[in-house]
1. Angle check, please: helix 7-61 long axis (alpha carbons) against the longest principal axis of the chain (alpha carbons), in degrees 0 to 90, nearest 10.
2. Compute the Rg/Rh shape ratio of the chain: radius of gyration over Kirkwood radius, all on alpha-carbon atoms.
3. Starting from the Cα-Cα distance between D54 and V23, subtract it from 0.36 nm times their residue separation and give me the gain in nm to one decimal.
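Here, each number is a calculation from the coordinates, and none is a lab measurement. None of these values were measured; they are calculated from a predicted model.
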Amino acid sequence: MIGGLGWPELLLILAVVLLVFGVGRISKVGSELGKGISAFREGVKEGQEAEDEDSKEDVVEE
């Protein structure tokens, strides 16, 4: 249960969301959310790689 919500309540909320937004819009939002998460992960990976390179350069200079 999420915050006191059971399965019947969650299904009702899902049904209302589908009626209000429609399946097409929800799939577009899901797609954009996935792209955003992928871009975030890629940025974090690049940041870690740059940090690793910087730390290697610091060791070589010392």
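1. 0 degrees
2. Rg divided by Rh gives 1.38.
3. The D54-V23 span can extend by a further 6.5 nm.
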